[in-house]
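Colleague: Here it is, the structure, as structure tokens.
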Amino acid sequence: MKKAPKIKDLIAVTLIVKDEENNLLSALNSIKHICSQIVVVDTGSSDRTCQIASAFGCELHFFKWNDSFADARNYGIQFARRPWILSLDADEELVCDTLIKQAYLLDNDEVGGINLIIQNQLNDIENGQSLQHRYTRLFRNNPKIFFSGRIHEQVRNSIEDAGFSVLESEITIKHFGYSKFNQEKIERNKQLLEQELALNEKDDFMLYHLAETEFAAANLARAKQIFQNLFNSMDLSQQQKEITRIRLGQIHLKEGNFADLSRCLDFKSEDENREGFRKFILAVALLTERKFAEAKPLIDSKEVHSSSLINKSDLAQVKELLQNY
């Protein structure tokens, strides 16, 4: 009887890196127990990134950056020699146990890809603010499966075109890249998004990510314009539709435009994190108008207290304001 392969024998991990000496070792340590091949593609590092990768035992390859994340990732996956590929970034860490617990998902011959939870850390860990989304990061090593898109590159379309299905999972990757403001990355992302939009100006997926990038850079007027144009989009996911409304609510709060804020946030989310953040923004607006009685039940709600989208220090300040009410 043929012995079932160990999970390490099934998975190759590919990473695209540039000047990641401060992050790479943590990423590599997070995957060392679940893979038997690590492919690192360097796009022009000038620090110790390549030395760290080599010392860890990674296969190191070099790719001349051409403003396309898809091209870089596709270059990397051609070197994979395992049945499955996990795509990881240097500023990410796999929660190893979550993959080990659901390794059985790799046994289904009809499955070509698995959606993972990407947990984005938005600021310092002490304030505990994070945003999560799902993304196809684990997929079969198959010549018909490849990435497309200069930025926010996708592999799912090729998986489904090849006749495979994509499964949801609880496998989790922690992403720390948003926890530190990086103007250079923001400008690079804007440039790549605008190049994609030059090919299709009605691509709501790319417009959404451009709006998020402008919001992160505090270019609120530009972010507001794009989010408003996406307000009734039918092409965005439910999460993206709700984040669009929440971002507009945040912008209206900064503007003191409470009527439009209420209109944007006139919905109820089934996601506890987004629902808590929605209530928190409404509560802050009510506090600004000194409507303490209306704000208090919102702040006291379980969704607000459990939401990972709310900065803990901001919540503490709001609760302090309400203490004497």
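The values are calculated or read from the model by the stated rules, or taken from the named source; none is laboratory data. Bear in mind the structure is a predicted one, so any value in this text is a computation, not a measurement. Heads up, the Cβs are rebuilt from the backbone with ideal geometry, glycines too, and the neighbour counts pull from every protein chain shown.
Colleague: Quick check on this structure: which one of Ala293, Ala283 is surrounded by fewer than 13 Cβ atoms within 10 Å (Cβ to Cβ), in the same structural domain as Leu315 (by TED's automatic domain parsing) and without any contact (Cβ under 8 Å) to a residue 60 or more places away in the chain?
Modeller: Every option except Ala293 fails the conditions.
Colleague: If Lys6 passes every condition in (1) modelled with pLDDT of 95 or more; (2) surrounded by fewer than 22 Cβ atoms within 10 Å (Cβ to Cβ); (3) over 28 Å from Leu193 (Cα atoms) but one, which one does it miss?
Modeller: (1)
Colleague: On the given criteria, is Leu192 of a type outside the set (Val, Ile, Thr) and in contact with a Leu (Cβ under 7 Å, 6 or more places away or on another chain)?
Modeller: Spelling it out, it is not the case that Leu192 is of a type outside the set (Val, Ile, Thr) and in contact with a Leu (Cβ under 7 Å, 6 or more places away or on another chain).
Colleague: Of all the helices (runs of 4 or more DSSP H) wholly in segment 48-130, which have at least 3 residues that are over 21 Å from His175 (Cα atoms) and touching a helix residue (DSSP H, G or I) at 6+ places or on another chain (Cβ under 7 Å)?
Modeller: none
Colleague: Do you know which of the residues in segment 234-274 that are buried (at least 17 other Cβ atoms within 10 Å of the Cβ) and small (Gly, Ala, Ser) is farthest from Arg134 (Cα to Cα)?
Modeller: Among those residues, the one meeting the criterion is Gly249.
Colleague: Return the only residue of Glu160, Glu187 being assigned to a helix (DSSP H, G or I) and within 30 Å of Ala103 (Cα to Cα).
Modeller: That would be Glu160, the only listed residue that is assigned to a helix (DSSP H, G or I) and within 30 Å of Ala103 (Cα to Cα).
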